[in-house]
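The values are calculated or read from the model by the stated rules, or taken from the named source; none is laboratory data. Since the structure is predicted, the reported quantities are computational estimates derived from the model, not experimental observations. No Cβ is skipped: glycine too gets one built from the backbone with ideal geometry, and neighbour counts run over all protein chains shown.
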Amino acid sequence: MYIANCRIRGREGLWNVACENGKFDRIRPADGIIPEGATDAKERLLMPPFVEPHIHLDCVMTAGIPHYNMSGTLFEGISTWHEYKTTQPLLIPEIKDRARQALRLMAEHGVQFVRTHVDVTETSFQSAKALLELRDELKGILELQLVAFPQNGILSTVGGKDLMIRAMDMGFDCVGGIPHFEFCREYGVESLDFIFALAEKYDAMVDVHCDEMDDEQSRYLEVLATKAWERSLGPRTVAAHTCAMGSYNNAYTTKLFRALLESKINFNSCPTESVHLQGRAENYPKRRGVTRIRELTEAGMNVALGQDSIADPWYPIGVGDLLRVLEMGIHIEHLMGYKDLSKCLDFISQNGAKNLCIEDVYGIEEGKPANFILLDGKDDYDVVRFHSAVVLSVHNGEILSQKTPATAVVHNI
Ligand code: FE2
């Protein structure tokens, strides 16, 4: 495969990129001549693929079954999901089929690496088995990481610890958690101790739903960061959502940031989901329910943006398009100054790669696996402004998806 005359994100000028045996072989400045057999990129932007750091593939594509979430709230989402599970028994082929539908959408939009949470308090373990099968079937085509996610809590579920151990024994990649949803603070703290002990035992990564609520007193993030710091596991740890940080007072947050920085943990935010589900306990003025993406980033911490849901009881829309999530995030977090816009694709690419600890297979460099996308735009600003199509997505040197950008004809202006 030979791509000629492309821009490469982060480099000046135009380039020719040749891939062989699934790897980047030669990356050379373009000289204006399209070599024989090469594809003319027409000065489009070539960059590493988009990374989806946080989704729940076990729930995707279930919106409307047995009925839609009429209020749009988190709590009606939970009760609707319960109705789904009791009226539509979870079966491995059906779960895999829904997950594949979502992954095809993501592939179309340039995603090649996906971290999915899987509810392991669903004691049939059908979701766990289905997504383990899918991870192995898709290996080399599109990469999946699985998080053992205790939707109903670890201590607050009968046998919760055993369910987490069972998932890790089956080969899950990450230990998950939900400390703010445990019955009491002591359970939340104990769950974090358990999570890190499990991560050490299984040499696994950690990805915790943390403080996903508007309660300014929900303060498990300080505990998560401290436990990660104590065990030097920060770079392999993700604090997901941390919505409560959007409600913390500034004096507390200033103190908190010291621990966050020292711990070296990573962050994930899902702005489309959070702005939809949070802020529901108040009238006006209404908070945004999204973590401090701008402040964390300016302080030098790593924040990746994800979708969380595609057409499920909690979030009814979504098409696997991270540019849409990015647009929402930069609006909510006042990240549309020119400097912000010129590097905004970091949030859905390299920052996600850092969360997933896949930097060894990620990047446009000779010798690395040929994982890249070609966007119908010239730089970050252009891509986010025009919502550019992913015209080509290549994983390990093989084409994963192709798209012809739509054209419009406007008359009489
Ligand atoms: Fe989530």
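Data table
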| quantity | calculated |
| --- | --- |
| Strands (runs of 3 or more DSSP E) enclosed by region 21-61 - at least 1 residues per element that are more than 16 Å from the ligand (Cβ to nearest atom) and touching a helix residue (DSSP H, G or I) at 6+ places or on another chain (Cβ under 9 Å) | 45-47, 50-55 |
| Filtered residue count, region 148-164, keeping only those that are buried (at least 22 other Cβ atoms within 10 Å of the Cβ) and farther than 22 Å from Thr116 by Cβ | 0 |
| Criterion: touching a strand residue (DSSP E or B) at 6+ places or on another chain (Cβ under 8 Å), more than 18 Å from Pro235 (Cα to Cα) and surrounded by fewer than 24 Cβ atoms within 10 Å (Cβ to Cβ) - qualifying residue of Ala107, Ala199, Ala102, Ala128 | Ala107 |
| Residue among Leu335, Leu323 that alone is modelled with pLDDT of 95 or more and either part of a helix (DSSP H, G or I) or surrounded by fewer than 16 Cβ atoms within 10 Å (Cβ to Cβ) (or both) | Leu323 |
| Count of residues meeting criterion [within 15 Å of the ligand (Cβ to nearest atom) and in a helix (DSSP H, G or I)] in region 238-281 | 9 |
| Per-region count, region 371-406, residues part of a helix (DSSP H, G or I) and either at pLDDT below 95 or buried (at least 18 other Cβ atoms within 10 Å of the Cβ) (or both) | 3 |
| Any pair with Cβ under 9 angstrom, 6 or more apart, that starts in region 20-42 at a residue that is over 16 Å from Asn371 (Cβ atoms) and ends at one that is among the basic types (Lys, Arg) and surrounded by 12 or more Cβ atoms within 10 Å (Cβ to Cβ) | Ala41/Arg7 |
| Top-ranked residue of region 40-75 - restricted to ones that are surrounded by fewer than 24 Cβ atoms within 10 Å (Cβ to Cβ) and among the aromatic types (Phe, Trp, Tyr), ranked as modelled with the lowest pLDDT | Phe75 |
| Subset of region 114-149 [part of a loop (DSSP other than H, G, I, E, B), over 19 Å from Arg100 (Cβ atoms) and out of contact with any Phe, Trp or Tyr (no Cβ under 9 Å at 6 or more places or on another chain)] | Glu122, Thr123, Ser124, Phe125 |
